[in-house]
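**Student:** Before we start, here is the structure in question, set down as structure tokens.
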Amino acid sequence: MAVIVGGIATTHVPAIGKAIAEKKHNDPYWKPFFKGFDYVHYWLARTKPDVAVVFYNDHGLNFFLDKLPTFAVGAAMEYRSEDEGWGIPVSRPIPGDPALSWHLINTLVADEFDVTMCQDMLIDHAVTIPMALIWRGPASSAKSWPVKIVPIEINTVQHPLPTLARCLKLGRSIGRAIETYEQNLRVVMVGTGGLSHQLDGTRAGFINKEFDELCLEKIVTEPEALTRYSIHDWVEQSGSQGVEFLNWMAMRGALTGRVSELNRNYHIPISNTAAATVVYDNQKESERKAA
Ligand SMILES: [Fe+2]
């Protein structure tokens, strides 16, 4: 049976892709951010996932404002990227796992999530930058990343957005689906984006450290407590792009075991964003007793 080994959450701002390409890992501005991935690399070397389910929001590469699904699930053999600007190299294609994708889609639709199914899907920096951070190496290099992916898009761009509660439930449906998947796969959940930031308007540059710390605490111990915030509350507290936290909520929902935070790096700012990198354990009670 498939097992969920844990979760990783990280910001995905485009400037990171340029910094990776220019090898700025030890630059004084970037070093405190990139150091936050040392533990991620250590943990992945131990847990060795086969597949990453990546909750992210598309920024206009695959979906635009004319047609923007609330939830879309990739079911492709591989996922390509294209030039988005900002000096980010175009990522190599990333292999998919269509059989797992269809299993997730079937479960989601049975659970009354009417998702858009994508057998051809471009992935943007919200997937490719986290991949380059988590598994190292410029997105364009020949070295391959050691996982397949299932990208799951959540609309954080065009209102009305799904609620925090809805995204938590989406994640829980995914988590249950993976637990019933008969292939012996090790699966890591990835949520990308956030934390607090606002790129436009009179509050451009807005960051709310106090609220970010509340989110980082509650998402482990009591994610339901965060569902009391409406999307408009969230924009007020976290900025208009801080709603990317919806991806984190879905990732957290998919962690079906006993969840604990293994490592956290919170750093302000990275390109006007409060950058957070967190690793979550997802230990099943039975495994805990056997340990
Ligand atoms: Fe973003």
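**Student:** For the range 1-29, how many residues meet the condition of being of a type outside the set (A, V, I, L, M) and closer than 29 Å to residue 168 by Cα?
**Tutor:** 7
**Student:** Identify all residues within the range 70-92 that are open to solvent by less than 20 Å² (accessible area, probe 1.4 Å), modelled with pLDDT of 90 or more and part of a loop (DSSP other than H, G, I, E, B); write none if there are none.
**Tutor:** The answer is 75, 76, 81.
**Student:** Pairs please, first residue from the range 181-208 and under 12 Å from residue 243 (Cα atoms), second anywhere and of a type in the set (Asp, Glu), Cβ atoms under 9 Å, 6+ apart in sequence or on different chains.
**Tutor:** Listed pairs, sorted by first residue: 192/244; 193/244; 194/212; 194/244; 195/212; 195/244; 196/212; 197/244.
**Student:** Only one residue in 168, 161, 226 is in contact with a helix residue (DSSP H, G or I) (Cβ under 9 Å, 6 or more places away or on another chain), open to solvent by less than 10 Å² (accessible area, probe 1.4 Å) and under 19 Å from residue 57 (Cα atoms), so which one is that?
**Tutor:** None of the other options fit; the residue is 168.
**Student:** Read through the list (1) on the phi > 0 side of the Ramachandran plot; (2) surrounded by fewer than 19 Cβ atoms within 10 Å (Cβ to Cβ), then give the number of the only condition that residue 210 fails.
**Tutor:** Result: residue 210 passes all but (1).
**Student:** Can you work out which of the residues in the range 165-179 that are modelled with pLDDT of 95 or more and not hydrophobic (A, V, I, L, M, F, W, C) is farthest from the ligand (Cβ to nearest atom)?
**Tutor:** Among those residues, the one meeting the criterion is 176.
**Student:** Just to verify a result, which residue in the range 223-260, among those that are within 16 Å of the chain's Cα centre (by Cα) and not in a helix (DSSP H, G or I), is farthest from the ligand (Cβ to nearest atom)?
**Tutor:** This residue is 255.
**Student:** I'm told residue 126 meets every condition in (1) farther than 25 Å from residue 194 by Cβ; (2) open to solvent by less than 10 Å² (accessible area, probe 1.4 Å); (3) small (Gly, Ala, Ser) except one. Can you identify the failing condition by its number?
**Tutor:** For residue 126, the exception is condition (1).
**Student:** Quick test for you: out of 202, 192, pick the one residue that is at pLDDT below 95 and of a type in the set (Val, Ile, Thr).
**Tutor:** Unique residue meeting the criteria: 202.
**Student:** Right, here's the next one. Test residue 287 against the criterion of being of a type outside the set (Lys, Arg), surrounded by fewer than 17 Cβ atoms within 10 Å (Cβ to Cβ) and at pLDDT 95 or above, and give yes or no.
**Tutor:** Criteria not met by residue 287.
**Student:** Let me ask you something else. Just wondering, is there one or more residues in the range 99-120 that are open to solvent by 10 Å² or more (accessible area, probe 1.4 Å), under 16 Å from the mean Cα position of the chain (by Cα) and not aliphatic (A, V, I, L, M)?
**Tutor:** no
**Student:** Here's something else I'd like to know. Quick test of your reading of the structure: residue 64 fulfils all but one of (1) within 16 Å of the ligand (Cβ to nearest atom); (2) of a type in the set (A, V, I, L, M, F, W, C); (3) surrounded by 16 or more Cβ atoms within 10 Å (Cβ to Cβ). Name the failing condition by number.
**Tutor:** If we test residue 64 against (1) within 16 Å of the ligand (Cβ to nearest atom); (2) of a type in the set (A, V, I, L, M, F, W, C); (3) surrounded by 16 or more Cβ atoms within 10 Å (Cβ to Cβ), just (3) comes out false.
**Student:** Also: Consider residue 96 against the criteria (1) surrounded by fewer than 18 Cβ atoms within 10 Å (Cβ to Cβ); (2) on the phi < 0 side of the Ramachandran plot: it satisfies all of them except one. Which criterion is unmet?
**Tutor:** The number of the failed condition is (1).
**Student:** Please count how many residues of the range 186-205 are within 16 Å of the ligand (Cβ to nearest atom) and either surrounded by 19 or more Cβ atoms within 10 Å (Cβ to Cβ) or part of a helix (DSSP H, G or I) (or both).
**Tutor:** Result for the range 186-205: 9.
**Student:** Ok, one more. Closer than 26 Å to residue 17 by Cβ, in contact (Cβ under 8 Å) with a residue 24 or more places away in the chain and surrounded by fewer than 17 Cβ atoms within 10 Å (Cβ to Cβ), is that true of residue 216?
**Tutor:** no
Residue-wise test of (1) within 16 Å of the ligand (Cβ to nearest atom); (2) of a type in the set (Asp, Glu); (3) without any contact (Cβ under 8 Å) to a residue 12 or more places away in the chain.
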| site | (1), (2), (3) |
| --- | --- |
| 1 | no, no, no |
| 5 | no, no, no |
| 17 | yes, no, no |
| 42 | no, no, yes |
| 48 | no, no, no |
| 56 | yes, no, no |
| 60 | yes, no, no |
| 68 | yes, no, no |
| 79 | no, no, no |
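The values are calculated or read from the model by the stated rules, or taken from the named source; none is laboratory data. Because the structure is a prediction, the values reported are computed rather than measured. All Cβ positions, glycine included, derive from the backbone under ideal geometry; neighbour counts span all protein chains shown. Accessible surface areas use protein heavy atoms only, side chains included; no ligands, DNA or RNA. Shrake-Rupley method; radii C 1.70, N 1.55, O 1.52, S 1.80 Å.
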